[in-house]
Amino acid sequence: MDKIIREIKEAEMITAFTGAGMSVESGVAPFRGEDGLWNEFDPQEFASVSAFAEEPERCWKLFKIQIEESFKSEPHQGHEALVELEDHGLNSVITQNIDGLHQKAGSDNVLELHGSLDRLICSSCKNIFKTEKFWDRIKAGGIPKCDCTKILKPDVVLFGEALPQSTLQQAWNEAENCDMMFSLGTSAVVQPAASIPKMAKRSGAKIVEINLEKTPLTEKVSDHFLKGKVGEKLPKLISRL
Ligand code: NAD
Ligand code: ZN
């Protein structure tokens, strides 16, 4: 612990990389694991580009659950600790999450690699709407439509879809330029996002990982591994700065 504290104090530019485990303590279900959404919803059938093209109404069964969960959830102490870390050199939060919890907590510079459930997009005219505007209709089982009559899609990256290039480029820049990266609640297996901590490491950054279990990063990439909940471990660490 002392060594990590020293390294945080020495670091000039810190970044955080977060995954679904970051949101679990806020009550948002991860995809994999015991309570994972994929136990109930096959991703190819409910969250892929081809599924949405074939039968968007089916996909909306899953989207509705995800939107409701993210609207209801509140950030926890781990999210708040990241906001506090901005006073100690944190420059950005690169997230794979689509629930908007980092923004709700007040993080300044959030790079959303997989988009956000807070927005809906029309695949035809590319119009973007606030999900909130349609929430009453969605809650009642309705399907949101664009002015052009096409069914709207949450502005998130579905299976088979590319990541937003400019956000990915910004994330790579952060990884190359930071001298410390926190990898929080991510299994680090989903590509290309998983390559981000590796890139930071190659550029000389120290990697601090917090997870309930070991990941492919733990032995090979991470300089420090804190086993446990991010909502407990991270605030404890930050309180000592
Ligand atoms: P993931 O691959 O990021 O894995 C979750 C990781 O979090 C696991 O390694 C698990 O051990 C760890 N974890 C669980 N609870 C934790 C806690 N309290 N503290 C620390 N670590 C904890 O996520 P996934 O579910 O496999 O999803 C894959 C993709 O889908 C990712 O892009 C993910 O971000 C996205 N997703 C996002 C959300 C969201 O927006 N909240 C929810 C589900 C999935
Ligand atoms: Zn449209």
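The values are calculated or read from the model by the stated rules, or taken from the named source; none is laboratory data. As the structure is a computational prediction, the values presented were derived from the model and not from experiment. Counting neighbours? That spans all protein chains shown, and the Cβs are built from the backbone with ideal geometry, glycine included. Accessible surface is based on the protein model in full, side chains and every heavy atom, while ligands, DNA and RNA are left aside. Shrake-Rupley method; radii C 1.70, N 1.55, O 1.52, S 1.80 Å.
Among the numbered conditions (1) at pLDDT 95 or above; (2) in the same structural domain as N109 (by TED's automatic domain parsing), tell me where L152 comes up short.
(2)
Please enumerate the residues belonging to region 123-157 that are open to solvent by less than 30 Å² (accessible area, probe 1.4 Å) and within 14 Å of ligand 1 (Cβ to nearest atom).
T131, P154, V156
Which residue pairs have Cβ atoms closer than 7 Å, lie 6 or more positions apart in sequence or on different chains, and pair a first residue in region 149-166 that is touching a residue at least 60 places away in the same chain (Cβ under 8 Å) with a second residue that is part of a loop (DSSP other than H, G, I, E, B)?
I151/I143; K153/S123; L158/A47; F159/A47
So if I check each of K233, K201, which one is touching a Ser or Thr at 6+ places or on another chain (Cβ under 9 Å), assigned to a helix (DSSP H, G or I) and within 24 Å of N91 (Cβ to Cβ)?
When all the criteria are applied, what remains is K201.
Of the residues that make up region 136-151, is at least one touching a Cys at 6+ places or on another chain (Cβ under 7 Å), within 21 Å of S48 (Cα to Cα) and within 15 Å of ligand 2 (Cβ to nearest atom)? I'd like the intermediate steps shown before the answer.
Quick first cut of region 136-151, residues touching a Cys at 6+ places or on another chain (Cβ under 7 Å) only: 146, 148, 150.
Checking the rest, the ones that are also within 21 Å of S48 (Cα to Cα) come to 146, 150.
Retained after the next criterion (residues that are within 15 Å of ligand 2 (Cβ to nearest atom)): 146, 150.
So far as region 136-151 goes, yes, one or more of its residues are touching a Cys at 6+ places or on another chain (Cβ under 7 Å), within 21 Å of S48 (Cα to Cα) and within 15 Å of ligand 2 (Cβ to nearest atom).
For residues that are assigned to a loop (DSSP other than H, G, I, E, B) and within 21 Å of D179 (Cβ to Cβ), scanning just region 205-230, find the one that is farthest from ligand 2 (Cβ to nearest atom). Working first, answer last.
Quick first cut of region 205-230, residues assigned to a loop (DSSP other than H, G, I, E, B) only: 205, 212-215, 221-223, 228-229.
Remaining after also requiring within 21 Å of D179 (Cβ to Cβ): 205, 221-223.
Working: A205: 42, V221: 43, S222: 44, D223: 48 Å.
So the residue we want is D223.
Considering only region 98-110, I want to know if a residue exists there that is open to solvent by 10 Å² or more (accessible area, probe 1.4 Å), within 11 Å of ligand 1 (Cβ to nearest atom) and either under 16 Å from L234 (Cβ atoms) or touching a Leu at 6+ places or on another chain (Cβ under 8 Å) (or both).
Checked against the condition, which is being open to solvent by 10 Å² or more (accessible area, probe 1.4 Å), within 11 Å of ligand 1 (Cβ to nearest atom) and either under 16 Å from L234 (Cβ atoms) or touching a Leu at 6+ places or on another chain (Cβ under 8 Å) (or both), region 98-110 yields at least one hit.
Of the conditions (1) farther than 22 Å from L120 by Cβ; (2) crowded, with 22+ Cβ neighbours inside 10 Å, N91 satisfies every one except a single condition; which number is it?
Exception for N91: condition (2).
Filter region 187-219 for residues that are among the β-branched types (V, I, T) and open to solvent by less than 10 Å² (accessible area, probe 1.4 Å); which is farthest from G231 (Cα to Cα)?
Within region 187-219, the subset among the β-branched types (V, I, T) is 189-190, 196, 207-208, 210, 215, 218.
Add one more test, that the residue is open to solvent by less than 10 Å² (accessible area, probe 1.4 Å), and what stays is 196, 207-208, 210.
Details: I196: 22, I207: 18, V208: 15, I210: 10 Å.
Only one residue fits best here, namely I196.
Going by what's in this entry, would G115 be described as small (G, A, S), in contact with a Gly (Cβ under 6 Å, 6 or more places away or on another chain) and surrounded by 19 or more Cβ atoms within 10 Å (Cβ to Cβ)? Before you say what the answer is, go through the steps one by one.
Numbers: small (G, A, S): yes; in contact with a Gly (Cβ under 6 Å, 6 or more places away or on another chain): no; surrounded by 19 or more Cβ atoms within 10 Å (Cβ to Cβ): yes.
So G115 fails the test.
Please find, among L85, L120, the residue that is assigned to a helix (DSSP H, G or I) and either surrounded by 17 or more Cβ atoms within 10 Å (Cβ to Cβ) or within 16 Å of ligand 2 (Cβ to nearest atom) (or both). Reasoning before the result, please.
Working: L120 fails: assigned to a helix (DSSP H, G or I).
None of the other options fit; the residue is L85.
Sort out which residues of region 1-16 are outside any helix (DSSP H, G or I), at pLDDT 95 or above and open to solvent by 10 Å² or more (accessible area, probe 1.4 Å), and write them in order of number.
Answer for region 1-16, where residues must be outside any helix (DSSP H, G or I), at pLDDT 95 or above and open to solvent by 10 Å² or more (accessible area, probe 1.4 Å): A11, E12, M13.
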